[in-house]
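Everything below concerns the one structure shown next.
The values are calculated or read from the model by the stated rules, or taken from the named source; none is laboratory data. Predicted model, so just to flag it, every value in this text is computed and none were measured. Counting neighbours? That spans all protein chains shown, and the Cβs are built from the backbone with ideal geometry, glycine included. To get the accessible areas, we keep the full protein, side chains included, count just its heavy atoms, and leave off ligands, DNA and RNA. Shrake-Rupley method; radii C 1.70, N 1.55, O 1.52, S 1.80 Å.
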Amino acid sequence: MQQTTEVTCFRRARWIVAWNESEGRIGYRRDGDLAFRGNEIVHVGGTFPGHVDREVDASRFMLLPGLINMHLHSTATMIRNGLSTDGGGYRFPYFYLTQRVLPPLERDKVVATKATLARLLLGGTTTTMDWVSPYDGWVEALAESGIRAYAAPAYNSAAVRITQDHGLEYEWFADDGEAGFRAAADAMDAAERHDSGRLSAMVAPSELECCSERLLRQSKALADETGRPFQVHAAEAVREFLEIARRHGMTPIQWCAHLGLLGERSAIGHAVYLDHHSKVAWATEGDLDLLASSGTTVTHTPTAWAAVGDGLETLGGYLRAGVNVAMGNDAFPHGLIEELKVAILVGRVKSGKDAGTPIHAVTDGFSLGPKEVLEAATVGGARYLGRPDLGRLAVGCKADLFTVDVEHPFMMPDHDPVRSLVYSAGQAAIRDVYVDGRQIVKERELLTMDIDAISRELMQAQRRLIDEVPSRDGSFGRSATEIWPLSVPMDEVAVSGVH
Ligand SMILES: [Zn+2]
């Protein structure tokens, strides 16, 4: 795609959340300009002296680096929203139920992906990975949305099945997942070849327990050969932890280390059930060190775990151990700002620590606050991707950013606007979003896709899916609402009464 060389300048932004290179952290700057030429930032803070083609009055804005979502399954949108939103998506046996019963119909996958990307963009996410079984139209949907995307086609060596006696069976494919791997490799190539210039690829076998040693080694070799980041779901369920231990005599993280899967360009999806987690009651406590010493990233999706009553023990502990943490939404809801609030609150609840005391500055080792989670959602993701040009407002970085209206009522009062954004306003105060120097969201309106049409189609798609559930539920034959009852019971309207 041809890049413009026009210069856009945000004048006198009230706040800029800029990258402080010398201290390796984000920092506030006040009342300064931010300019980008084409898709590259050329000035941050102070007055931009150069020629400007397009000037934006930013005097009531806070400018932030675009958020980076490193764990997402875009086609799960209509599964979670209204059906399994409250959890039940992850804990055995529901995880397998979700996989089997609720994938969208093939024809409805595009609308699910578009709906997901639309919400991410409106909420300030400018880069996302997308971890789905590849389907016709997927790469085009990623490109059309305007987001910067890492296509992460999913595949496994085995499917899982719940038996009538509540057991679990692994059905290993005759080809050990080779056809899925090849289809994924083709989809990765297609993404990288796309002329938008915003699409990349990630090598992402789906579940550790459903992949053979051969497929995992082959996947990591492909990632290393191509320079693509690698990710796999692991340590995401107690039952999975015990299954890996039964098969290999080691924890899921140790199994990953044994296979050479860990490293600076590797991420473990979730990594909740490490050997220190109280629910696995394991004898060793070495998993966290394995992740930290290898530079492996954990993609953290706290809402999905809070919904089933669990989470990392603890996020602050992972950060203090030196683990690189990136943020994600997993399946639903979509919007990383809300995820940041959940990350802080669950992190504190699981550690039993708060951020400090009223009389001491919040600088102690237990601190986990807006700065830490915002950095996870920006530079944490960029570090994993090996992209120093993403996740930062700094000269030379990509013009991926969003504006927050600091005079929005939920942002008031304005003493510490990042804190107000994370705890109070959430994405309601997000106004404009730019990806690669192109405006994608303008005054809360998505410019790239018709979100009303997408929403209407999504409702129809969910109805079609609900109709399919009993036949997909095998010998159980339950309806969607028998599996996931409505949050408020439905009452019959009485036929008698006052007329
Ligand atoms: Zn996932």
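Among the listed pairs Lys398/Lys442; Lys220/Lys398; Lys279/Lys341; Lys350/Lys371; Lys350/Lys398, give every one whose C-alpha distance is greater than 26 Å.
Values: Lys398/Lys442 19 Å; Lys220/Lys398 28 Å; Lys279/Lys341 24 Å; Lys350/Lys371 19 Å; Lys350/Lys398 36 Å.
Cα-Cα > 26 Å for Lys220/Lys398; Lys350/Lys398; rest within.
Positive-end ranking of Gly27, Met327, Thr448 along the dipole of the chain, with charges on Cβ about the Cα centre, is headed by Gly27. Taking every alpha-carbon pair under 8 Å whose residues sit at least 6 apart, the stretch 67-388 reaches a relative contact order of 18 percent. In the stretch 215-366, the alpha-carbon atoms span a convex hull of 127 Å³ per residue.
R0 = 60 Å: FRET efficiency of Thr4 with His276, Cβ-based, nearest 0.05?
On the way: r = 51 Å, r/R0 = 0.85.
Rounded to the nearest 0.05, the efficiency is 0.75.
Ligands, DNA and RNA left out, the accessible area of the stretch 1-78 computed with a 1.4 Å probe is 43% carbon and sulfur. Here the stretch 164-202 and the stretch 220-271 have alpha carbon centers that stand 16 Å from each other. Surface calculation, 1.4 Å probe, protein heavy atoms: Asp175 sits at approximately 70 Å² accessible.
Where only DSSP H runs of four or more residues are counted, the chain gives -9000 deg cm²/dmol as its mean residue ellipticity at 222 nm, each run worth -39500 (n - 2.57).
Toward the positive end of the charge dipole of the chain, with +1 on the Cβ of Lys and Arg and -1 on the Cβ of Asp and Glu, the farthest Cα among Leu102, Ala283, Ala76 is that of Ala283.
In Å², what does the accessible area per residue of the chain work out to with a 1.4 Å probe?
On the way: 20490 Å² over 499 residues.
For the chain, the solvent-accessible area averages 41 Å² per residue.
Counting every alpha-carbon pair across the chain, the share separated by more than 32 Å comes to 41%.
Ignoring ligands, DNA and RNA, how do Leu393, Leu345, Leu290 rank by accessible area with a 1.4 Å probe, largest first? Let's see the in-between values first.
On the way: Leu393 0, Leu345 80, Leu290 55 Å².
So, going from the largest accessible area down, we get Leu345, Leu290, Leu393.
Packing, taken as the mean count of other beta carbons within 10 Å per residue, orders the peptides 420-426, 317-323 from highest to lowest as 420-426, 317-323. Surface composition of the stretch 197-320: carbon plus sulfur atoms contribute 52% of the solvent-accessible area (1.4 Å probe, protein chains only, all chains present).
Would you mind telling me the antiparallel percentage of the DSSP bridges in the chain, rounded to 5? Within the chain, antiparallel bridges account for around 55 percent of the total. Per-residue surface analysis assigns Met202 an accessible area of about 0 Å², computed on protein heavy atoms at 1.4 Å probe radius.
Taking the Cα centre of the chain as the origin, how large is its charge dipole in debye, to the nearest 20, when only Lys and Arg (+1) and Asp and Glu (-1) carry charge on their Cβ atoms? Mind dumping the intermediate values first?
Values: 50 positive and 67 negative charges, 152 e Å.
Its charge dipole is roughly 740 debye.
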